[in-house]
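*Asks:* Below you will find the structure I want to go over with you.
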Amino acid sequence: MFRARKKIHYLSLNLVEIPQHLRNMKKVKDDFPLQRISVEKLEINMEVDLERALELCGAGKYQVFHCALMVTTLGAAMLEMIGSSFILPAAACDLDIPDNLRGIITSIPNIGVIVTAPFWGRAADTFGRKPVLLFSTAVSGVIALVAAFMPSLLSFALCKFLGSLFLSCPSSLGFAYAGELVPRMRRDLAVLICNALLMLFASLCPIFAWGVLSYNWLALGLRPWRVLTVVYAAPLLLVALWLTQTKESPKFLMTKGNATQALEVLRHIFAYNSRCAKNTYCVTSLKSDEDKPDEEKQSALALLRPPHAKWVALTGFLMFGLFSLLNGLFLFAPNTINKMMTQGDQPATICMLLKEPENQTSNATCVDSISSSTFQITVLTSVIYGVLVLLLSLSPLSKKALLVGMYAVVGASSLVSAFTTNRIVAGISMSALQITALGIGPLCAYTVQLFPTSLRGTAVGAVMMFGRLGSVAGANAAGVFLAGSCIATFYGFAALLFFCAGLSFLLPRDQPPSKVG
């Protein structure tokens, strides 16, 4: 009787309703008190789609590990790109950098990223996220390291440009790669948190500069700016080693018809999260993408056709406006704040100080030192604004609300920077331009939401390419016009930000987790 009762009860189990965390033996026994068969002996044969299978893996330690790796990858690329804001002022004498070329030199990394962004996005969609990201990160790190030992401005700039040709992938793909290994109910939150942590990572840029440039390296035969260049390049090499430990995106594997490999990745994630054996994972097969609509299997040219074209244009322009501040005007903040902290104590606006004769390169004496007050302001504001961005990312505010608020606040900060005569307030408001980093996460989350898996890497690359165009335009505009038309420069950037705030209202509403693919 007991055996018959046991068999009937076993057959009556609804396998679809088996708790998501089968790894928890106690929970299974509590839910089925009459069931005395161990989890290892349950003959589960579930065929589900990829999203459901990813949910059954749970959101746990593996997602934390993977997202931390993606944040570090994005951060390493960011340090290499924005580190020039501290390297160039410190190298001004050694490399004989004229003021009118600083904007061009600053924008060199973004030029290379723009040229190669479509290539790396398509390469990631063709060959896989992991191998492409690993290769590009390692090569860019090696070239960045070589740049530290170049003897002239031309050779230094050439190395920076060559390295930037490989920098597009680690500077953008991380957001898509992070989202694809997180269950859809946590996907937007994961991307937003990654972006917030990325801004905290950005605070390492002035911290490293403060530590390196404040030390006298001449005893070792090295100039401080060369050591700082090595420090900014090292994270790329370390990240390349770390990337060998991650797994390929199961979404990419499914688009290539490799359901078996995708299932093996899911089993690894389940085992890592639950500390259970891989064979206890309840999914035994994945539904193929054969039944998905044709729009899910289009080439990169589909981005130029409806309905994708309008979203590429909208998110691309918003990213353009964002990066024109973040990698444009903001890169001149350390040098501008340094001049404010060292040009006497009389009340004056930023634009008044930039027109002072002693700021011209025609002086016989070359000054490449950065004051401790500049480091204090940039470090403290970076940490404070980074924590603020993290808290806002964890708030219940929608992606659209975050974007509108961010553009409006930074636009106002741009105006305050131009008109205040209080040097501390001016330094804080100039540093506030980095709050634009808050918008990267929501825009990348929108890109992940709006485009299918087969186009996601290309779409993220295209949107980030518009951002790099903004970086080049912003850096060159700031470099050329700050000295001659300073007030008009701040007016122009503020107007662009307010316009982007208005355009953000055209973005779709945040979709419920059940509809986000």
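*Asks:* Do we find that Pro224 is within 20 Å of the chain's Cα centre (by Cα), surrounded by 20 or more Cβ atoms within 10 Å (Cβ to Cβ) and farther than 28 Å from Pro452 by Cα in this structure? It would help to see each step written out before you state the result.
*Replies:* On the way: within 20 Å of the chain's Cα centre (by Cα): no; surrounded by 20 or more Cβ atoms within 10 Å (Cβ to Cβ): yes; farther than 28 Å from Pro452 by Cα: yes.
Spelling it out, it is not the case that Pro224 is within 20 Å of the chain's Cα centre (by Cα), surrounded by 20 or more Cβ atoms within 10 Å (Cβ to Cβ) and farther than 28 Å from Pro452 by Cα.
*Asks:* Sticking with this structure for a sec: How many of the residues in segment 485-511 are assigned to a loop (DSSP other than H, G, I, E, B) and surrounded by 13 or more Cβ atoms within 10 Å (Cβ to Cβ)?
*Replies:* Filtering segment 485-511 for residues assigned to a loop (DSSP other than H, G, I, E, B) gives 485, 507-511.
Of the ones still in play, those that are also surrounded by 13 or more Cβ atoms within 10 Å (Cβ to Cβ) are 485, 507, 510-511.
Residues meeting the conditions: 4.
*Asks:* Sticking with this structure for a sec: Quick check, is Thr458 surrounded by 20 or more Cβ atoms within 10 Å (Cβ to Cβ), more than 21 Å from Leu79 (Cβ to Cβ) and in the same structural domain as Phe493 (by TED's automatic domain parsing)? Can you show your working first?
*Replies:* Details: surrounded by 20 or more Cβ atoms within 10 Å (Cβ to Cβ): yes; more than 21 Å from Leu79 (Cβ to Cβ): yes; in the same structural domain as Phe493 (by TED's automatic domain parsing): yes.
Yes, satisfied.
*Asks:* Sticking with this structure for a sec: Please indicate, with yes or no, whether at least one residue in segment 241-264 is in contact with a Gly (Cβ under 7 Å, 6 or more places away or on another chain) and surrounded by fewer than 21 Cβ atoms within 10 Å (Cβ to Cβ).
*Replies:* The first filter runs over segment 241-264 and keeps only residues in contact with a Gly (Cβ under 7 Å, 6 or more places away or on another chain), leaving 248, 252.
If we keep only those that are surrounded by fewer than 21 Cβ atoms within 10 Å (Cβ to Cβ) as well, we get 248.
Checked against the condition, which is being in contact with a Gly (Cβ under 7 Å, 6 or more places away or on another chain) and surrounded by fewer than 21 Cβ atoms within 10 Å (Cβ to Cβ), segment 241-264 yields at least one hit.
*Asks:* How many of the residues making up segment 212-254 are in contact (Cβ under 8 Å) with a residue 40 or more places away in the chain, more than 15 Å from Pro131 (Cβ to Cβ) and of a type in the set (Val, Ile, Thr)?
*Replies:* So the count comes out to 3.
*Asks:* Would you confirm, using the coordinates I've provided, whether Ser429 is under 24 Å from Val379 (Cα atoms) and free of Cβ contacts under 8 Å to residues at least 24 places away in the same chain? Outline the logic, then answer.
*Replies:* Working: under 24 Å from Val379 (Cα atoms): yes; free of Cβ contacts under 8 Å to residues at least 24 places away in the same chain: yes.
Yes: the conditions hold for Ser429.
*Asks:* Sticking with this one: Tell me yes or no: at least one residue of segment 199-206 is out of contact with any Lys or Arg (no Cβ under 8 Å at 6 or more places or on another chain), part of a loop (DSSP other than H, G, I, E, B), touching a residue at least 40 places away in the same chain (Cβ under 8 Å) and surrounded by fewer than 20 Cβ atoms within 10 Å (Cβ to Cβ).
*Replies:* Checked against the condition, which is being out of contact with any Lys or Arg (no Cβ under 8 Å at 6 or more places or on another chain), part of a loop (DSSP other than H, G, I, E, B), touching a residue at least 40 places away in the same chain (Cβ under 8 Å) and surrounded by fewer than 20 Cβ atoms within 10 Å (Cβ to Cβ), segment 199-206 yields no hits at all.
*Asks:* Follow-up question, since we're still on this one. What number of residues within segment 175-217 satisfy the criterion of being touching a helix residue (DSSP H, G or I) at 6+ places or on another chain (Cβ under 7 Å), under 17 Å from Phe65 (Cβ atoms) and at pLDDT below 85?
*Replies:* 10
*Asks:* Any residue at all in segment 131-145 that is modelled with pLDDT of 90 or more and more than 30 Å from Gly316 (Cβ to Cβ)? Give the steps one after another, and end with the answer.
*Replies:* Going through segment 131-145, the residues modelled with pLDDT of 90 or more turn out to be 131-145.
Then drop every residue that is not more than 30 Å from Gly316 (Cβ to Cβ), which leaves 142, 145.
The answer is yes; a qualifying residue exists.
*Asks:* Could you check, for segment 434-446, whether at least one of its residues is surrounded by fewer than 23 Cβ atoms within 10 Å (Cβ to Cβ) and not basic (Lys, Arg)? Quick ask: steps written out before the conclusion?
*Replies:* Within segment 434-446, the first condition is being surrounded by fewer than 23 Cβ atoms within 10 Å (Cβ to Cβ), and the residues that meet it are none.
Among the residues of segment 434-446, not one is surrounded by fewer than 23 Cβ atoms within 10 Å (Cβ to Cβ) and not basic (Lys, Arg), which makes the answer no.
The values are calculated or read from the model by the stated rules, or taken from the named source; none is laboratory data. Values in this document were obtained by computation on a predicted structure and should not be read as measured data. Heads up, the Cβs are rebuilt from the backbone with ideal geometry, glycines too, and the neighbour counts pull from every protein chain shown.
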